[in-house]
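Single-structure report; data block below.
Values quoted throughout were computed directly from the atomic coordinates according to the rules given, and no laboratory measurement underlies them. Treat the numbers as computed from the prediction; the structure is a model and nothing was measured. All Cβ positions, glycine included, derive from the backbone under ideal geometry; neighbour counts span all protein chains shown.
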Amino acid sequence: MTTSVDTVVREACVSVGHDPTRLMDVAREVQARLGCIPPAAVDAIHHDLHVSRAQVQSLVSFYAFFDDHPTSQITIRVCDDVVDRLAGYDRVAKAFADELGVTIGQTTADGAISLQRTACIGMSDQAPAALVGNVVVTDLSAERARQVVAELRAHRDPQRLIKKLGDGNNAHPLVKAMVRNNIRQAGPIVMSEPRRGEAIRKAAALSPAEVIRAVKTARLRGRGGAGFPTGIKWEMARAAPGARKFVVCNADEGEPGTFKDRVLLTEWPDRVFAGMTIAGYALGAREGILYLRAEYAYLRAFLEDVLARRRSDGLLGRDVMPRRGFEFDIRIQMGAGAYVCGEESALLESCEGRRGDPRNRPPFPAQRGYLGCPTVVNNVETLCCVTRILDAGSAAFSELGSRQSAGTKLLSVSGDVSRPGVYEVPFGTPIQDVLALCGGRDATALQVGGPSGRMVGPADFERTICYDDIATGGALVVFDSTRNPLEIAHAYMEFFEDESCGYCTPCRVGNVLLRKGLEKVLAGRGEPSDLEQFEQIAKVMKAASRCGLGQTSFNPVLSSLQSFRYQYETLVAEPAQGRRRGFDLDVATAEAARIRAGGTQ
Amino acid sequence: MSADPSLILDGREIPFVPGQTILQAADDAGVYIPRLCDKPGLEPFGSCRVCVVRANGRTVSSCTYPASLGMVVESETPELQAMRKVLLEMLFVEGNHFCMSCEKSGHCELQALGYRFGITAPQFEYQFPHREVDASHPDILIDHNRCILCARCVRTSRDLDGKEVFGFVGRGPHKRLAASTGSRLKDTNADVTDRAIDACPVGALLRKRVGFAVPVGQRPYDTVPIGAPEPVQEARR
Ligand SMILES: Cc1cc2nc3c(=O)[nH]c(=O)nc-3n(C[C@H](O)[C@H](O)[C@H](O)COP(=O)(O)O)c2cc1C
Ligand code: SF4
Ligand code: SF4
């Protein structure tokens, strides 16, 4: 056993050339081969890679896809996102649990299969969904869950669970997934007919400064959520001193309800990689990294193949722009299950082999990013826009959309709609038009931009999707009149509580206080002062949190309180004389009663 | 020659050395900004957020944010003080802090800040988490009930003791301090003379068998508020 641990670790370390910053890859490899990263492996990694035990231990404990003790050969991770819950998560999870004879978090007695829950896996348009190993299983029902278990017991091969391949490249021999693209409205910009190689050829005719000018003229702003002007970000990184610079594509797509980057990576990978290459040329970087979330591991071999083809076709490597003396290559960095790693500085920490704690800013990544070098981090969709701008021209891009928000936006639509999927709409499109397109007839509440965005009610349906009205990274989750906004907010707070990195006080504590406060209100024990306290906590989280997670994670509560205040108010009441409504004598004395009854801790 | 660079802190011009943070500049000028995770000589960390200020209109942690020329910083505003109080209350309810039975009482920076901000009872509900005590080491004790995850011990051990005895594991509310080898302090090379033990602002990291060497009532913060100007501290001693 010990020798095999040592061998596995040694081979993993050799495969990354003993580069200590590649600890994520080493850990992933060890986890894949041993089914966990036990203390003996932590020790071995510490010795072979010359990183401290504290760093290895900390990393292993941080990521959801790493285990420090043996679990099983096969892990079933059932997605418990809100959309999956609407679609029947409870029934599916119960069927899995009953059939396996375990509860969530446990492993079968024979050590073969373990059952876990996981946050949104980017399949909200085909929920309920689960990951079995790396294999995505969609459109689950209780019956299908029982079949899955029976089949796994028989052949132990997750890949064989797939009966019918999805459309487009989901059926590619290197993907072989049952995932469907669900492209409902494509074009004219991001999801348009690909013209491979064109954009790079046109960029090569321009100087780097001219490329940046083209992106600025198009008025491109980041599609990952924050909306920062892309050209300005590139200019900063170009101006920052340093011989070595990096372009990073953020394909962490962790915001619950978002899945449009999944579709771009499946159907337009060349456009994504071209965008990275053009960014590299513009800012003087020769290296690119695609940070791919662990949940999308099923796309990895396919993407590696696309990269290999681009190398052999002279679209990557030495010959990208020979006359310009520009070369560029891209590697894929896998994540390991952590929403916060979508935050750009946490993402860079992860790429360097550490837990995903965001960094203090300044310095910003464009000044000091990956390995301390100037780094541009852009979203998948942003980079697709770049390719299109260089190919079709800035004017063709900016003639769509509104003044502050040029071009189109991909929306990931899910929830109570008849046509869930990806919609490309010009910026400035009213929400109600999107609802008409996707068949959200009974829409009562919308979560725009995912849980970190806001929950809006019918009063806001006339408003438009764009940076200066309702901004969104792309998620649009629709809830009909049967759903309770408070329960939705509660589920999202559970998500943030799980996904906070725990570094800073307001986020680490605030999410828990808000989640528990909602539970109190939902149980009919809230008081009007509790609602004031929610607002106070939100204010402190927004101002004092260290990164964008804590600066927005109160939004499910705050925005539902704004849009659906009456629903809260019917549940709270002033306390009867002298007694807080939240006070429960039995609960308060339970511990004492247990001790008196002779129980131990 | 131009004058030394300076910034404006609560209406007062104070000088700074390029590369300094706002907090360091304030300290040098004798202006106290409340803080917990920051400690002179350690790399700024920025976890407790108690040192929040508004710098040119943006709310930032003054322990990590660089001072810059002509920057306008607000610190003692009612809004920021209220925010600090909320953050302190969050830290109190997150752990189990029974000051009256804690050896650190009167030396504890969290308790002292509680007094400074007039916290009698936190407005938030106590979380009463179940946390462990690691008494495995012959001379040193970790009481996780009181740990505020400030990393002062982590940084001191790594950068001043040259040891890396401590690290963090887990995330979110489950984040906790861990001994870096195995999981218990006795398995590490921690020593009773380590400077890391003195770095702890609260009663989470203690030497064994030195209880109540200074009587309660005569401890630093029993008489002088934390952050009081030097002359006050001198006079009361
Ligand atoms: C908690 C958190 C999660 C994030 N997740 C993502 C993500 O999954 N994908 C993404 O592109 N940006 C994400 N972002 C935004 C990134 O930090 C960054 O702004 C973005 O990648 C920049 O690219 P853009 O300018 O092209 O939008 C996240 C931010 C936060 C605070
Ligand atoms: S805001 Fe949350 S996720 Fe961001 S640094 Fe603080 S604890 Fe970590
Ligand atoms: S033990 Fe003390 S110094 Fe170390 S992190 Fe906890 S509170 Fe900070």
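For the stretch B:95-209, the convex hull spanned by the alpha carbon atoms encloses 112 Å³ per residue.
Applying 0.36 nm per residue to the separation of A:ARG153 and A:SER418 and subtracting their alpha-carbon distance, the gain on full extension is 91.9 nm.
Spacing of the modelled spin labels on A:VAL587 and B:ILE119, each 7 Å from Cα toward Cβ, amounts to 2.2 nm.
Each residue of the stretch A:292-308 was assigned a 3J(HN,Hα) from its phi angle through the Karplus expression (A = 6.51, B = -1.76, C = 1.60, θ = phi - 60°), giving 9, 5, 4, 5, 9, 4, 5, 8, 5, 4, 4, 5, 4, 5, 4, 4, 4 Hz with x at Gly and Pro.
Calculated FRET efficiency, A:ALA523 to A:ARG323, Cβ-Cβ distance, R0 = 60 Å: about 0.30 to the nearest 0.05.
For A:LYS260, the lysines whose Cα falls under 26 Å of its own Cα, not counting residues fewer than eight places away in the same chain, are A:LYS163, A:LYS164, A:LYS176, A:LYS216, A:LYS233, A:LYS409.
Percent of C-alpha pairs per 10 Å bin in the stretch A:74-163, short distances first: 20, 58, 22, 1. Its convex hull of Cα atoms gives the stretch A:486-569 a direction-averaged projected area, equal to a quarter of the hull surface, of 4.7 nm². Backbone phi angles across the stretch B:170-175, fed through the Karplus curve with coefficients 6.51, -1.76 and 1.60 (θ = phi - 60°), yield HN-Hα couplings of x, 9, x, x, 9, 5 Hz in residue order; Gly and Pro are listed as x. Less than 5 angstrom separates the built amide H of A:ASN379 from those of A:ARG223, A:GLY224, A:ASN250, all sequence-distant by 5 or more or on a different chain.
With the gyration tensor restricted to C-alpha atoms of the stretch B:4-47, the semi-axes of the equivalent ellipsoid amount to 19, 12, 8 Å, longest first.
Run the paramagnetic zone check for A:HIS47: 7 angstrom along Cα to Cβ, then residues of the stretch B:181-203 with backbone nitrogen under 17 Å. From the stretch B:181-203, the list is B:181-182. List residues of the stretch A:116-140, by number, whose backbone nitrogen lies under 18 Å from a label position 7 Å along Cα→C-beta of A:ALA171. Hits in the stretch A:116-140 for A:ALA171 at 18 Å: A:138.
Taken over the alpha carbons of the stretch A:116-265 as equal point scatterers, the Debye sum produces base-10 log I(q)/I(0) values at 0.09, 0.17 Å⁻¹ of -0.45, -1.09.
Mind checking the log10 I(q)/I(0) for the stretch B:6-76 at q = 0.22 Å⁻¹? Debye, one equal scatterer per Cα, no solvent, two decimals. Rounded to two decimals, the profile gives -0.87.
Whole-Hz Karplus values for the stretch A:467-476 come out as 4, 9, 10, 9, 7, 7, x, x, 7, 9 Hz, taken residue by residue from phi with 6.51 cos²θ - 1.76 cosθ + 1.60 and θ = phi - 60°; glycine and proline positions read x. Pairwise inverse Cα distances across chain B, averaged and inverted, put the Kirkwood hydrodynamic radius at 19.0 Å. In this simple spin-label model, placing a label point 7 Å from the Cα along the Cα-to-Cβ direction at both A:ARG146 and A:GLU535 gives a separation of 5.1 nm.
Near A:LEU316, the amide H atoms lying under 5 Å from its own belong to A:ARG311; only residues 5 or more places off or on other chains count, and H is placed 1.01 Å from N. Once divided by 2.2 N^0.38 Å, the Cα radius of gyration of the stretch A:121-192 becomes 1.24. With viscosity set to 1.567 mPa s at 4 °C, what whole-number translational diffusion coefficient in µm²/s follows for the stretch B:94-162 from Stokes-Einstein and a Kirkwood radius over Cα pairs? It comes out at roughly 93 µm²/s. Length available on full extension from B:ALA135 to B:THR223: 0.36 nm per residue minus the Cα-Cα distance, which gives 28.6 nm.
Taking the Cα atoms of the stretch A:2-62, the ratio Rg/Rh between the radius of gyration and the Kirkwood radius comes to 0.90.
Over the stretch B:6-76, Cα pairs under 8 Å with separation of 6+ residues give a relative contact order of 41 percent.
A Förster radius of 51 Å, combined with the Cβ-Cβ distance separating A:ALA597 from A:ASP433, puts the computed FRET efficiency at roughly 0.25.
Going 7 Å from the Cα of A:ARG579 in the Cα-to-Cβ direction, what parts of the stretch A:508-538 have a backbone nitrogen less than 16 Å from that spot? Within reach of a label on A:ARG579: A:524-527.
Taking 0.36 nm per residue of separation and subtracting the Cα-Cα distance, full extension of the segment from A:ARG311 to A:GLU487 would add 58.4 nm. A helix-only calculation puts chain A at -13000 deg cm²/dmol for mean residue ellipticity at 222 nm, using -39500 (n - 2.57) for each DSSP H run of at least four residues, averaged over all residues. Within the stretch A:408-483, the ratio Rg/Rh, alpha carbon atoms throughout and Rh by Kirkwood, equals 0.91. Taking N as the residue count of chain A, its C-alpha radius of gyration divided by 2.2 N^0.38 Å amounts to 0.98.
Rounded, prolate or oblate: which one fits the stretch A:184-398, using the alpha carbon gyration tensor with axes a ≥ b ≥ c (rounded when a/c is under 1.5, else prolate when a/b beats b/c, else oblate)? Verdict is rounded for the stretch A:184-398. The equivalent ellipsoid that matches the C-alpha gyration tensor of the stretch B:151-221 spans semi-axes of 24, 15, 12 angstrom, in descending order. Summary value for chain A: 13 percent relative contact order, contacts being C-alpha pairs under 8 angstrom separated by 6+ residues. Across the options A:ILE470, A:ALA112, B:GLY19, the greatest Cα extent toward the positive end of the charge dipole of the protein assembly as shown (unit charges at beta carbon of Lys, Arg, Asp, Glu) belongs to B:GLY19. FRET efficiency for the A:ASP110 to B:ILE8 pair, using the beta carbon distance and R₀ = 51 Å, is estimated at 0.15.
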